Amino acid sequence: QEADPQKAVSLLRKQWSLYSVTPLYRFSGAHLKEYARLLGAFIAAEKQKGLAVGEGVDLGVQVTFSSLPELRGGHRDQPAVLVQLSSRSSVSPKSSDEKLVWSGCFCCVAGEDFSENVPEDFTCLPLFLANGAESYLAMVGSWFQKTFDCHFCRLSISPLNLSWMAAMWTGCSVEKNACATELLFSVPCLPQPLDISYAIHPEDAKALWDTVQKTPGEITQEEVSLYMDCLYSHFHRHFKIHLSATKLVKVSTAIASAHCNGTIKFLQSKYLPGVLKLLTELAISQIQ
Amino acid sequence: MHRKQSSKNSKQPPQAHHSNQTDLSAWRKGGKTEKSLQKHQSHNSQVNESKRDSFEQALSYFEKVQDPGSLRKNEVLQKHLATVESTALEKGLPPEAFDVLLNVALSGKFADAVNTRLLKSLIPASVIPESSLVSSVSWLCVSKCSGSIQLLFLRWLIAMFDFIDHKDQLHALYGFFFSFLQDEKMCPYVCHLLYLLTRKESVKPFRIRKLLDLQAKMGMQPHLQALLSLYKHFCPELISITLPGKMKTYFKNSEGPWKAAIITIRRRNQEKSPVSQPLLLGTTQHQSRKRKWNTQLILPASSASTTHLAEVKDKNSDLYSISESFPVEQLQTFSQLLQNIHHLELPSQMGSVLTHPLLLHYMNCIKDESIYLRLHYWMGQTLQEECTWCVVDSSQYEEEFKDFLEIVHKTECFLQEGFSSCEEFLYRSLPFWDGFCCRSQILRLMTWIPLSSFSEMKSHLYGPLAQLFFTSSLYFKCSVLESLKELLQNWLNWHVIQLDSESDSQGYSLNTTLSGLVNTVAELIHFVGWISTLALRLESSATFLLYFILDFYEMVCDIYLRYNLPLLIMPPAGVFYPALLSMDSVNLNQLCYIMYRYRTNLVAAKENEQIKKKILQFKFSSQTYQEYNQYLIAMVGCLWTSNAFQKDVHPQGLRLDEEVLKKTRVQDFKTSFNVVYHPALMGYALLFLQQAWPDDNTFNFSLIKGRKWNWYLEYLYAQGLKGLKLFIESSINRVSPASQIK
């Protein structure tokens, strides 16, 4: 329950599904232990549904709630809440090696414009990340929906927002020999799916972006469009394919990789808050 | 983000006639079924009668039949069997039918094909009497029927288990069922049935031994394991073997042939119960397994919150709460609501109020913002996620979505208030709407868009709506006009209530000002005027369309007097002139009534101005009076003084040069639109002539003059043209026949 700086690092290098969550009603950061107990009981009850009564030997799922105060934009944001489910090994119940089977993280990075307009009975943690089996997600999600009268909604990322990510992440400085920036496009209206992968050396991409961006630290839609247009025309010169007629479905850089179906992988702890801030913004616009 | 209207008090408007008013009893029955029932009764009562007769005949046939012969040759049997099947599918079978049909099906009188069809159609309308099952079990014991029928019967029994009215006698038959375990084919189903029936006292050492024997003989069968683990759960001391845990499914699904029917019965039973129960909610979850988590439309069941934390309790308790709060599950009657209103524990998920009429009453009388906010978030997200034309691959769930929209609309009618989440949903989704999907539901939701002075409606609603309006059928146009009329009415009612509460509170809340409201209402009226003008041209002034347009203006012309809002807007010329020259007396009569009401409102406004002698905040511009007078000149000129072609001064009016008129070669063109010759009234003039001069066949309309003219007018009034009467009596000075304009 106490803050643990190592917890935030556990978000890295995992595939997260994105959800937006409406404000939680009567949620309190002071009761995380109690919530863990209730959710644990709920999951145990759910897992027994449809099974014969009373064979509960192997149902041990350990639930932990932890607060991640470092994962927020400022003091006006709620501290993030990490929910982890781990199963105890059925072979030796006493051994301490627990296996993490599912984790979920509620967070809000720089969402104060939204959260400050909400009455105090509500807690704004509009972005939810989930990793693990969907059956656990269903149980945890239902419990939250029932307990805090909130609503989970899948958060997909539009191609426009993906292009923003491509531009923003290109501009971030990373160490040498980082992996390539890769954009994945899908060609619509074909009998068979056809994907086009467009990989650029990160330093080349950054050089291009630096010529496009006028004021450092500030990005405009025009700059993003120009950047993408430059990439498109380069591609067209070589392959005679207009990428602007296709759909951008995935962006991966050394910072993070995001897919339009609403999944993301964080790769750099330094830029974690920045990426979460953008995602918080998307989540808020979906619930507003 | 959240624009909730502040008034939640009495929502009954003074003169509103709502078809969907707040009537608890109507709500309970569920408007849809009630309506369809009524229709059914009035239209098809005879058909129904004969259907019931034929079902009774079928039943008595099956009761008495002795030697039926084969199905293919026996036409009577074919007919009765079909009757039973169709009745079962349509509305389910009455309880008394089960005894007869089960007896027949299991007695082996008929061939298996008939028995199978009978068993498959054994769908209860409400419940299955236990007594009929007892006799069926005795048939089973004498094994008159084939193995496959026995199996089907067991599957039926498992599938319908929840619909059996009592289960005491069935429990008494536990031993009989247990004996069927011997049969290898029946064993899995018998295990399932026993699993459902087993109580602690059913677990006996000899039964455990039998089960273990069977397991030794047949190997580890999931159904046997299930029963054994249940026994072990009840009496762990009697069973020492370890059973493997973790089993996905123990039993085969028995519901198969009856699945759809069971869902229908559950839905029907739910509608009947006073407070809908979460029964349905469980089944929908299974129904749409294929969809991902949380993407199916489920109205949450009303249940009290699951967490009981100390602090939460503290927050809840206010001045009134004594010690315990009243759980929402127990809330069944209105008097319970009244008694416990101060310490009612609200449901953990606010979405459940939609199906809980008593909680809606509660919502109506409390002013807790968080309740509305919780509902707002949930509804906003649900509408967004389920919208069948915005979300890919969701068209198959259209019926579900329709039902949901229906429920939301009913709630709005009940609360007499629109939800802002619905407003946002409409603004978001209308640009993508095809005007067809969920049409009536969407149009009805539109009528509850809240009135606010910062109106985003122009870009969000009017734009997309106009596009659809112009490109759709006449009927769509009429229904849009109808909805906009209701929208206007809801706004005006809301305004009247605000005025009433103004005296005891601060009146308009911060973000609404009177001039803002007037502008929003005016914008709506101008929008309707514009689309009406164009629609009349597109549909060549269809009478039907004109009726809906004039219906709208019947409300517009009375805004000042009836709703106390300083606003009067005349219809555009594109509406006025088609109505004046309409071929139909209904339209003309409507127009006369509207002009009479405009006159009354304008006169009242003028008088108020003069009496108060002070500068009023709102005053009708002289342009309104001028416009009215222009129309009046045209109307009197047409209907009465026969000089409209000369006197009409409206720029889009009837004024025509003498020479042009002569070119038409119409004789007496001057009189061609007066009360005798007007195409909408000529039919009346003809009938009048026939009555006044029965022997004259020349149809000499010029005979109607002088005293006959007055008789003719009386005749018209007697034909129901009340609007014309009011108009002529108020706007035409009968002493001198010249027009007198106010």
Given backbone amide H placed at 1.01 Å from N, residues whose amide H is under 5 Å from that of B:L344, ignoring those fewer than 5 places away on the same chain, are B:F326
Could you state the number of Å between the C-alpha centres of segment B:361-397 and segment B:202-230? 49 Å
Report the calculated FRET efficiency for A:S158 and A:C230 (r = Cβ-Cβ distance, R0 = 25 Å), to the nearest 0.05. 0.75
For segment A:159-260, which whole percent of the accessible surface, found with a 1.4 angstrom probe, sits on carbon and sulfur atoms? 59 percent
For B:A522 and B:Q610, FRET efficiency with R0 = 25 Å and r from the beta-carbon atoms, rounded to 0.05? 0.55
Average beta-carbon neighbours from other chains, 10 Å sphere, peptide B:380-387: 3
Counting only DSSP loop positions in segment B:632-682, the trypsin sites (Lys or Arg not before Pro) whose Cβ has at most 11 other Cβ atoms within 10 Å are B:R665
Solvent-accessible area per residue for chain A (1.4 angstrom probe, square angstrom): 47 Å²
In segment B:675-732, carbon and sulfur make up what percent of the accessible area (probe 1.4 Å)? 55 percent
Applying the gyration tensor rule to the Cα atoms of chain A (axes a ≥ b ≥ c; rounded if a/c under 1.5, else prolate if a/b exceeds b/c, else oblate), the class is prolate
Taking chain A and counting helices only, DSSP H stretches of n ≥ 4 at -39,500 (n - 2.57) each over all residues, the nearest-500 ellipticity at 222 nm comes to -11000 deg cm²/dmol
The extension gain from B:K663 to B:T698, computed as 0.36 nm times the residue separation minus the Cα-Cα distance, is 9.9 nm
Estimated distance in nm for a label pair at A:K247 and A:S142, the labels positioned 7 Å out from Cα along Cα-to-Cβ: 3.1 nm
With a 19 Å threshold on alpha-carbon distance, the violating pairs from B:K120/B:K259; B:K91/B:K259; B:K167/B:K259; B:K185/B:K210; B:K670/B:K705; B:K91/B:K120 are B:K167/B:K259
In nm, the gap between the two label points placed 7 Å beyond Cα toward Cβ at B:K79 and A:K270 is 9.0 nm
Could you compute how much accessible area chains B and A hide from each other, both sides summed, with a 1.4 Å probe? Nearest 100 Å² is fine. 3400 Å²
Tabulate in residue order the Karplus-calculated ³J(HN,Hα) for segment B:350-365, using 6.51 cos²θ - 1.76 cosθ + 1.60 with θ = phi - 60°, rounded to whole Hz; enter x for Gly and Pro. 5, x, 5, 5, 4, 9, 10, x, 5, 5, 5, 4, 4, 4, 5, 10
Tally Lys and Arg at +1 and Asp and Glu at -1 over the other residues with C-beta under 14 Å from the C-beta of A:S158: what net charge comes out? +2
Here the relative contact order (percent) of segment A:5-154, from C-alpha pairs under 8 Å and at least 6 apart, is 33 percent
Helix A:134-148 vs. chain A, principal-axis angle (Cα, 0 to 90°, nearest 10): 70 degrees
Whole Å is fine, so just give me how far the alpha carbon centre of segment B:73-113 lies from that of segment A:129-174. 55 Å
Sparse-neighbourhood loop sites, chymotrypsin sites (Phe, Trp or Tyr not before Pro) in segment A:111-175 - DSSP loop, at most 12 other Cβ within 10 angstrom: none
Extended-chain gain in nm, criterion 0.36 nm per residue less alpha-carbon gap, B:E96 and B:D368: 92.9 nm
Using each residue's phi in segment A:222-230, evaluate 6.51 cos²θ - 1.76 cosθ + 1.60 at θ = phi - 60° and report the 3J(HN,Hα) Karplus result to the nearest Hz, with x for Gly and Pro. 4, 5, 4, 5, 4, 4, 5, 4, 4
Once you have the alpha carbon radius of gyration of segment B:525-588, what is it after dividing by 2.2 N^0.38 Å, with N set to its residue count? 1.11
Mean Cα-pair separation over length for chain A, i.e. relative contact order, pairs under 8 Å, 6 or more apart, %: 24 percent
Between A:C124, A:C172, A:C107, find the one with the highest GNM mean-square fluctuation for chain A; connect C-alpha pairs within less than 10 Å. A:C172
Using only Cα atoms, tell me the angle between helix A:32-48 and the longest principal axis of chain A; keep it within 0 to 90° and round to the nearest 10. 80 degrees
Among A:L24, A:L208, A:L276, whose mean-square fluctuation peaks in a Gaussian network model of chain A (Cα, cutoff 10 Å)? A:L208
In order through segment B:411-422: 3J(HN,Hα) via Karplus (6.51 cos²θ - 1.76 cosθ + 1.60), integer Hz, x for Gly, Pro: 5, 4, 5, 4, 7, 6, 7, x, 8, 5, 5, 5
Obtain the nm distance between the two label points defined at B:E539 and B:Y475 by a simple spin-label model: each point lies 7 Å from its Cα along the Cα-to-C-beta direction. 1.2 nm
Let me have the relative contact order for segment A:159-260, percent, based on Cα pairs under 8 Å that are six or more residues apart. 42 percent
Taking amide H positions as placed 1.01 Å from N in the peptide plane, with prolines and chain starts having none, which residues 5 or more places from A:H151, or on another chain, fall under 5 Å of its amide H? A:T22
For B:D165, net neighbour charge (Lys/Arg +1, Asp/Glu -1) across residues whose Cβ lies under 14 Å away: -4
Evaluate E = 1/(1 + (r/R0)^6) for B:K167 and A:K14, where r is the Cβ-Cβ distance and R0 equals 56 Å; express this FRET efficiency to the nearest 0.05. 0.65
Long-range amide H partners of B:T513 with built H, under 5 Å: B:S453
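The values are calculated or read from the model by the stated rules, or taken from the named source; none is laboratory data. Worth saying up front: this structure is predicted, and the values here are computed from it rather than measured. Cβ: placed from backbone, ideal geometry, glycine included. Neighbour counts: every protein chain shown. Accessible surface areas use protein heavy atoms only, side chains included; no ligands, DNA or RNA. Shrake-Rupley method; radii C 1.70, N 1.55, O 1.52, S 1.80 Å.
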